Amino acid sequence: MKRYSAAAILTALLLPLTGCQTSFLPEGRDITDVQLMRTMALDPGEEARVAVTVAGDVQPGDEGAEAQPPTILTWEAPTVFSACLTMQTYGDGYVSYGHVSQCLLSADLQEQAGSYLLDFIQRDFEMRMDIDLYAVTEGRAAELLTETASASQSATERLDSVARDMKLTSQGWPVTLRDFLIDLADNGCALLPVAALQEEEGETTIVCDHLCWFREEQLGGELTGEQSRAAAILLGQAKNGAVEATLSDGSLVGLRLTGAETRWQPQWEGDTLTGVTAQVAVTADLAELRGDADPSQPSVQEELNRLLAQTLEEQLQELLDLAQQENADFLHLGRRLGVQCPARSGALREYWDERFPQLELTAQVEAAVERSYDVARAEVSA
């Protein structure tokens, strides 16, 4: 007991020397008195201010009462911090940002949007670096929170669904704030999924069907849906997707992508990089066939493979050409080659920005289409 008391006294005496104070930790609060915000939107405000909007989940009704729309708060201030602090004085309880899992960045922010968010998050004990980022290129980001709010749906729920749905088309993938900042730190370029409002059956919802690219935290441009899928293939994010093609006999086929692997093959002249070939191996299933073509015939199988390879090769080449035209390595090819060729990574970094637009970038696709189960033929053979 005496040793324990001495240790406690010694700890109490030394604690002031560490610089730690009890105010460093968050104040304990009753969970029933806390309003959890789940989604944040950043827009340009007036006079160089930033407009911050936050939204929570749908609020369940008490004792059988009807559910209520999510709480939505907004404020303009010179910093994200001051806006969030002011909003904590709103509402019936303490407004907490510790459960914010998504952030919508308006492309109209004139200053460094990522820096706005990063500096606030790294200094705030509640916020996290693994929140998903979405760019809003049309209208204000706050509108995606306000226009989709109802007693049955919140922007958070819809964005959760969007993150899952992107895997079905491979036209995008969730990008966290951490990933975004790592890519920007690498070469100043990064990709983000684009979120937008869309009317469906009289209701307003959120969709995400393509990517955009940033240069130094400013919007550089938007990719088409096909270009976005090409980026997903080259970056190993393609999990699914649909490709339609017409065979020589007029039959229409629907192909479901099932896998894609990319290898980057550099070409050197001495120690100088002259070109890079993206060697892509793609697999797909025959999901639908309209016409008289017989996919069991070798000639039809070869035509399916050739059409799929040709279609994707054109889309991949279009994306590579765009990156060079804009001198924007948003695919981070330089970083990948540096890892692949570590002995030459230093030289690559020195001349990459100058040489990238002049490299000969090509795409080569090898496709394999597998025939799906044919119920009609199974019945006949049986």
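The values are calculated or read from the model by the stated rules, or taken from the named source; none is laboratory data. On a predicted model such as this, the values are computed, not experimentally measured, just so you know. Positions of Cβ are backbone-derived with ideal geometry, glycine not excepted, and every protein chain shown enters the neighbour counts. Accessible surface is based on the protein model in full, side chains and every heavy atom, while ligands, DNA and RNA are left aside. Shrake-Rupley method; radii C 1.70, N 1.55, O 1.52, S 1.80 Å.
Summary of computed values
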item: Residue 181 being open to solvent by 10 Å² or more (accessible area, probe 1.4 Å) and among the aliphatic types (A, V, I, L, M); result: yes
item: Residue under evaluation residue 338, criteria (1) part of a helix (DSSP H, G or I); (2) out of contact with any strand residue (DSSP E or B) (no Cβ under 8 Å at 6 or more places or on another chain); (3) closer than 18 Å to residue 186 by Cβ; (4) open to solvent by 40 Å² or more (accessible area, probe 1.4 Å), criterion not met; result: (4)
item: The lone exception for residue 153 - which of (1) surrounded by fewer than 18 Cβ atoms within 10 Å (Cβ to Cβ); (2) outside any helix (DSSP H, G or I); (3) at pLDDT below 90 it fails; result: (1)
item: Subset tally (residues that are β-branched (Val, Ile, Thr) and under 30 Å from residue 297 (Cβ atoms)) for segment 327-376; result: 3
item: Pair list, Cβ < 7 Å and 6+ apart or interchain, from segment 295-317 residues that are open to solvent by 60 Å² or more (accessible area, probe 1.4 Å) to residues that are of a type in the set (A, V, I, L, M); result: 313/363; 313/365
item: Hits in segment 191-206 - residues which are in a strand (DSSP E or B) and surrounded by 15 or more Cβ atoms within 10 Å (Cβ to Cβ); result: 191, 192, 193, 194, 196, 197, 204, 205, 206
item: Filter pass, residue 213 being of a type in the set (Phe, Trp, Tyr) and either open to solvent by 20 Å² or more (accessible area, probe 1.4 Å) or over 22 Å from residue 278 (Cβ atoms) (or both); result: no
item: Matching residues in segment 94-139 - criterion: being of a type in the set (S, T, N, Q) and at pLDDT 80 or above; result: 96, 101, 102, 106, 137
